[in-house]
Amino acid sequence: MLKRDFILVQIEELGKVLAQLLDQRNHGASRKTDVLMESIYSTLKVDKDFLLTHSVEEIHKALDGEDNAGLQRMEIAAKTLLEDYYINSKDSASLRKAQEILLYIPQHDQTFSIERVNLIDQIKELLPNS
């Protein structure tokens, strides 16, 4: 029980960093964005290149670890890729991978997330020819 609580706190903290990243984007303060982005990737123990070059199954396995919280981490990774698109790259590869991850999650999770559905719709609007 303590281990699960610890994991939930870690995921919540990642969410807070992601919220800071979103706030930085909305207010045009790009100085801290690279640091925040790197903080999320290092906490997840993956980097953008790993996410872009591996299958969603491999990403799930890498993020799952001993605690089986990989799906929650995958959602954070997808949101981070989306923020990376907005802030840095404008590269559709980040968008496509974020969409792929977000579509994978409900197939392996018992929870429904309206936020996830909205993110998928948002990505569809941003992707060319989708």
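Things worth noting here:
- Among the GluC sites (Glu not before Pro) found in segment 67-130, not one is both in a DSSP coil and sparsely packed, with 12 or fewer other Cβ atoms within 10 Å of its Cβ.
- Only lysine pairs 8 or more places apart, or on different chains, with alpha-carbon atoms under 23 angstrom apart are counted in segment 28-130, and they number 19.
- Cβ-to-Cβ counts within 10 Å put 116, 96 in ascending order as 96, 116, the fewest first.
- Using θ = phi - 60° and Karplus 6.51 cos²θ - 1.76 cosθ + 1.60, couplings along segment 12-21 (whole Hz; Gly, Pro as x): 4, 5, 4, x, 5, 5, 4, 5, 4, 4
- Estimated inter-spin distance, residue 64 and residue 110, nm [label 7 Å along Cα→Cβ]: 1.7 nm
- Here the Karplus relation 6.51 cos²θ - 1.76 cosθ + 1.60, evaluated at θ = phi - 60°, turns the backbone of segment 92-106 into coupling constants of 5, 4, 5, 5, 5, 5, 4, 5, 4, 5, 5, 6, 6, 4, x Hz, with x for every Gly and Pro.
- Taking other Cβ atoms within 10 Å as a rough exposure proxy, 112, 50 sort from fewest to most as 112, 50.
- Karplus-derived 3J(HN,Hα) values for segment 81-88, using 6.51 cos²θ - 1.76 cosθ + 1.60 with θ = phi - 60°, are 4, 5, 5, 4, 4, 5, 8, 10 Hz; glycine and proline are entered as x.
- Fewest neighbouring Cβ atoms within 10 Å first, the residues 80, 43, 33 line up as 43, 33, 80.
No value in this document is a laboratory result; all are computed from the given coordinates. Quantities reported herein were computed from a predicted structural model and do not represent experimental measurements. Every residue, glycine among them, receives a Cβ derived from its backbone with ideal geometry; neighbour counts consider all protein chains shown.
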